[in-house]
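Inspection log for the structure reproduced underneath, given as structure tokens.
The values are calculated or read from the model by the stated rules, or taken from the named source; none is laboratory data. Everything numeric here is computed off the predicted structure, so don't read it as measured data. For neighbour counting, all protein chains shown are included, and Cβ atoms are generated from backbone atoms with ideal geometry for every residue, glycine included.
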Amino acid sequence: MKKYTWIWLASILFCLMVVSIGVGEVYIPPIQVVKSFLGLGNSFDSLIIFQLRLPRILLAALAGISLAVAGCILQAITRNPMATPEMMGISGGASVAAVSIIMLFSTQKDSLSISLSYLPLFAFLGATTVAICIYFVAWKKGVSSLRLVLVGIGFYILMNALVNLIVLIGPLFRAIQAKTWLTGSIYGTTWKEVIVILPWLIVLLPIVYFYGRNLTIHELGENTAIGLGIKVKRDRFILLLLCTALTGVAVAFVGGITFIGLIGPHLARRFVGNNYRLIIPVAALIGGVMVVGADLIGHTLLSPREIPAGVFTALVGVPYFLYLVYRSRGQVSS
Amino acid sequence: MGKIFRFISGLILLLFLMALSLIVGTRDIPVQTVVESFTNYHATVDQIIVLTDRLPRTLIAILVGASLATAGAITQVLFRNPLASETTLGINGGASFFMVIAVTLFSGLALNQLIWISFIGSGLTFMLIFAIGRAQTPLQLTLAGTSIAALFSSLTQGFLVLNEQSLEQMLYWLTGSVEGRKLTDIIPVLPYILVGLVLALFLARSLNLLALGEEVSKSLGLSVTVYKLLAGVSVVLLAGGSVAIAGPILFVGLLVPHLAKIWVGQDHRLVIPFSALLGAILLLCADMLGRAIMIHQVIPVGVMTAVLGAPIFLFLVRRSWGQKI
């Protein structure tokens with residue numbers, strides 16, 4: 001049964017997307033949405049669906065997928081179930097890079113003066129820089145997973161401060177833009193963003209899946225992994241790059257949507273056990289469901305006002321995280 | 001004798017920095033003018049700057065630095081955890097979240113009403129983290145606190161996005177700043193902070209016992225619950241009072257007690273006053289640096305402490321805490 005978990009998750013994601021496409025200032029019933037997908041809907045509905053709503057929903061799903069997969073990788077290589085790209089400052093590094101770009105190159109009218117496709121690249125570079133810094137600072141005759149997480153928290157706070165600094169130095173109209181983006185909002189997405197993010201994921205996700213077996217072995221510990229013939233250091237580096245790339249791409253477009261990288265892998269492990277070949281697709285789909293769901297709540301709850309999706313993912317994520325911490329009382333952390 | 005000498009030399013340094021803080025800034029003001037603005041007030045531009053901008057921010061920096069550092073020292077004992085502080089436990093974040101909600105919902109609240117909201121926020125967060133984190137390892141407690149802080153900051157930002165008008169005035173304040181306050185703004189906060197500080201000094205001896213562990217303190221005849229409660233009240237007064245006047249300022253409460261312990265050892269009768277002194281000195285320095293580092297632009301002190309504090313935090317993690325925890 002475990003092998004097929006992803007099928008019902010995929011159907012939940014699909015249904016959620018269909019509902020979410022229908023909801024908005026003009027309500028379109030789910031059946032009409034499906035008809036439009038099949039090319040049978042009327043042209044007005046199709047215009048709304050394909051030009052206005054679909055890109056946004058797709059971006060939400062893609063961002064959720066990449067954040068959840070990034071979380072999977074990080075938890076496996078740090079061997080710490082509480083490590084996430086956000087809390088270790090990796091998302092923060094991407095944010096610093098992206099905010100700098102927004103501040104430097106944005107025009108009065110909410111648009112960027114350089115090509116949008118540079119944004120994920122810079123975010124990726126920012127995330128990678130922070131990840132490498134964390135690794136070096138935590139390195140002391142090997143990297144203990146405990147020190148890694150603490151150093152990560154230090155960088156998390158530092159990156160937050162840098163983002164605030166950049167936002168404060170820039171002019172005010174950009175500050176509002178940047179703040180909205182930072183909380184994690186996918187308001188006003190067009191096909192442009194989707195087209196930029198999609199190739200990254202098409203390349204990255206199969207590679208991660210291919211590495212899935214290695215992830216399972218990494219989680220068993222360094223010595224076991226070496227014993228099983230894995231080049232641990234090289235592997236870890238590649239996996240870390242994959243993680244920063246996925247984080248960077250997601251953060252570049254949706255900003256600080258938090259706790260997906262934590263909850264996705266955890267729930268997935270509950271469903272399918274410890275094999276990363278199974279965990280990765282399931283976690284990815286859970287991530288997609290969460291972000292699409294958060295976005296749906298965000299734009300219906302106080303409609304026509306938009307509440308950034310990041311608020312809801314944090315509202316779900318933090319209690320869950322605290323529950324995890326609470327449950328592990330008294331255990332010695334590895 | 002040595003310790004008293006150290007304290008006095010610290011005080012002299014603090015006084016010197018206070019004087020310096022009145023002089024430097026986007027516009028340097030000669031010493032003579034500074035002195036004249038107290039003795040011979042003529043309402044010239046420079047004198048107005050000294051009395052309405054420099055003096056309040058200097059006093060607030062001292063007050064807030066001292067209270068945050070003291071609160072941090074107490075928290076570290078209460079949780080028996082070297083990484084505990086208002087920052088890492090999310091108490092600052094909780095207080096500022098409540099403040100933002102209060103300010104957006106009921107506009108026109110005065111500071112002496114806001115301070116109670118700040119107390120409620122920091123008190124609730126403190127109780128929440130206390131319930132979760134008593135038996136936790138330092139790492140888990142830190143993770144829990146940081147995630148609570150992350151939740152509050154995300155909620156706060158969500159709130160601000162809904163309410164763009166208030167963003168402009170809040171943005172500065174959210175990162176922690178001692179700027180733009182009047183001398184009269186200190187008055188409603190002052191009594192609470194003073195009570196908190198005196199309470200902390202009064203508790204210092206029992207903190208020494210509490211640091212040995214609950215069992216030991218009980219067997220030595222300390223009524224643990226009462227003293228823990230009093231210590232909690234002191235933390236809430238100090239942290240809540242600081243957030244009410246200056247917003248969330250990071251890292252002071254985490255780092256300063258460690259510096260104080262390096263300087264004077266583990267006895268809390270010394271650690272508390274030295275933490276307060278060092279906290280005041282450090283925050284004053286951070287604020288001056290924030291004023292001096294860029295021309296025409298003042299960097300809020302909250303950003304400065306985070307930027308300066310994070311490397312020290314990382315250094316300490318590498319050096320000593322790496323083995324201890």
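From A:Thr180, A:Thr190, which residue is farther than 30 Å from B:Thr88 by Cβ, modelled with pLDDT under 85, in contact with a Pro (Cβ under 8 Å, 6 or more places away or on another chain) and of a type in the set (Ser, Thr, Tyr)? Lay out the reasoning, then the answer.
On the way: A:Thr180 fails: farther than 30 Å from B:Thr88 by Cβ.
Only one candidate qualifies: A:Thr190.
Output the qualifying pairs, or none if there are none: Cβ atoms under 9 angstrom, residues six or more apart or on different chains, first residue in the range A:274-289 and among the charged types (D, E, K, R), second residue outside any helix (DSSP H, G or I) and modelled with pLDDT under 95.
none
I need a count of the residues in the range A:227-243 that are assigned to a loop (DSSP other than H, G, I, E, B) and either modelled with pLDDT of 85 or more or small (Gly, Ala, Ser) (or both). Give the derivation first.
Initial filter on the range A:227-243 (assigned to a loop (DSSP other than H, G, I, E, B)): A:228-231.
When the remaining residues are screened for being either modelled with pLDDT of 85 or more or small (Gly, Ala, Ser) (or both), the result is A:229.
Result for the range A:227-243: 1.
Quick one: would you say B:Val236 is farther than 21 Å from B:Gly180 by Cα, buried (at least 20 other Cβ atoms within 10 Å of the Cβ) and at the interface with chain A (Cβ under 10 Å from one of its Cβ atoms)? Walk me through how you get there before you give the answer.
Numbers: farther than 21 Å from B:Gly180 by Cα: yes; buried (at least 20 other Cβ atoms within 10 Å of the Cβ): yes; at the interface with chain A (Cβ under 10 Å from one of its Cβ atoms): no.
In short, no.
May I ask you to say which residue of A:Gly227, A:Gly256, A:Gly261 is closer than 23 Å to A:Ile132 by Cα and either surrounded by fewer than 17 Cβ atoms within 10 Å (Cβ to Cβ) or touching a Phe, Trp or Tyr at 6+ places or on another chain (Cβ under 9 Å) (or both)?
Working: A:Gly227 fails: closer than 23 Å to A:Ile132 by Cα; A:Gly261 fails: either surrounded by fewer than 17 Cβ atoms within 10 Å (Cβ to Cβ) or touching a Phe, Trp or Tyr at 6+ places or on another chain (Cβ under 9 Å) (or both).
After ruling out the rest, the residue left standing is A:Gly256.
Please go through the range B:60-84 and give me each residue that is at pLDDT 85 or above and among the polar types (S, T, N, Q), ordered by number. Let's see the steps before the verdict.
Of the residues in the range B:60-84, the ones at pLDDT 85 or above are B:60-78.
Within the range B:60-84, B:Ser67, B:Thr70, B:Thr75, B:Gln76 qualify.
Of all helices (runs of 4 or more DSSP H) completely enclosed by the range A:8-120, which ones contain at least 1 residues that are surrounded by fewer than 16 Cβ atoms within 10 Å (Cβ to Cβ)? Reasoning before the result, please.
Values: elements: A:30-37, A:43-47, A:54-78, A:90-105.
Qualifying helices (runs of 4 or more DSSP H): A:30-37, A:43-47, A:90-105.
Here is a list: B:Val264, B:Val307, B:Val317. Which entry is within 17 Å of the chain's Cα centre (by Cα) and either free of Cβ contacts under 8 Å to residues at least 60 places away in the same chain or away from chain A (no Cβ under 11 Å) (or both)? First the steps, then the outcome.
Numbers: B:Val264 fails: within 17 Å of the chain's Cα centre (by Cα); B:Val317 fails: within 17 Å of the chain's Cα centre (by Cα).
Exactly one residue qualifies, and that residue is B:Val307.
What number of residues within the range B:276-302 are more than 14 Å from chain A (Cβ to nearest Cβ) and out of contact with any helix residue (DSSP H, G or I) (no Cβ under 9 Å at 6 or more places or on another chain)?
Total satisfying the criteria: 1.
With farther than 23 Å from B:Thr156 by Cα, among the β-branched types (Val, Ile, Thr) and surrounded by 21 or more Cβ atoms within 10 Å (Cβ to Cβ) as the only criterion, which of A:Val318, A:Val249, A:Val291 stands out? Even if it seems obvious, please write down each step before you answer.
Working: A:Val318 fails: farther than 23 Å from B:Thr156 by Cα; A:Val291 fails: farther than 23 Å from B:Thr156 by Cα.
Just a single option satisfies the conditions, and that option is A:Val249.
Restricting attention to the range B:265-286, does a residue exist that is touching a Lys or Arg at 6+ places or on another chain (Cβ under 7 Å) and crowded, with 24+ Cβ neighbours inside 10 Å?
If we filter the range B:265-286 for residues that are touching a Lys or Arg at 6+ places or on another chain (Cβ under 7 Å), which is where we start, we get B:269-271.
Next, from what is left, pick out any that are crowded, with 24+ Cβ neighbours inside 10 Å: B:271.
Looking through the range B:265-286, at least one residue is touching a Lys or Arg at 6+ places or on another chain (Cβ under 7 Å) and crowded, with 24+ Cβ neighbours inside 10 Å.
So which residues in the range A:139-159 are closer than 18 Å to B:Thr88 by Cβ, more than 7 Å from chain B (Cβ to nearest Cβ) and at pLDDT below 85?
Answer for the range A:139-159, where residues must be closer than 18 Å to B:Thr88 by Cβ, more than 7 Å from chain B (Cβ to nearest Cβ) and at pLDDT below 85: just A:Leu148.
Among the numbered criteria (1) among the β-branched types (Val, Ile, Thr); (2) within 14 Å of chain B (Cβ to nearest Cβ); (3) not in a helix (DSSP H, G or I), which one does A:Val167 miss?
Only one criterion in (1) among the β-branched types (Val, Ile, Thr); (2) within 14 Å of chain B (Cβ to nearest Cβ); (3) not in a helix (DSSP H, G or I) is unmet by A:Val167, namely (3).
Examine the range B:224-236 for a residue that is among the hydrophobic types (A, V, I, L, M, F, W, C), assigned to a loop (DSSP other than H, G, I, E, B) and under 22 Å from B:Thr88 (Cα atoms), and state whether such a residue exists. Even if it seems obvious, please write down each step before you answer.
Here is the first cut: in the range B:224-236, the residues among the hydrophobic types (A, V, I, L, M, F, W, C) are B:224, B:226, B:229-231, B:233, B:235-236.
Remaining after also requiring assigned to a loop (DSSP other than H, G, I, E, B): none.
No.
Can you list the helices (runs of 4 or more DSSP H) found entirely within the range A:244-334 that contain at least 3 residues being at the interface with chain B (Cβ under 10 Å from one of its Cβ atoms)?
On the way: elements: A:260-272, A:276-300, A:309-327.
Those helices (runs of 4 or more DSSP H) span A:309-327.
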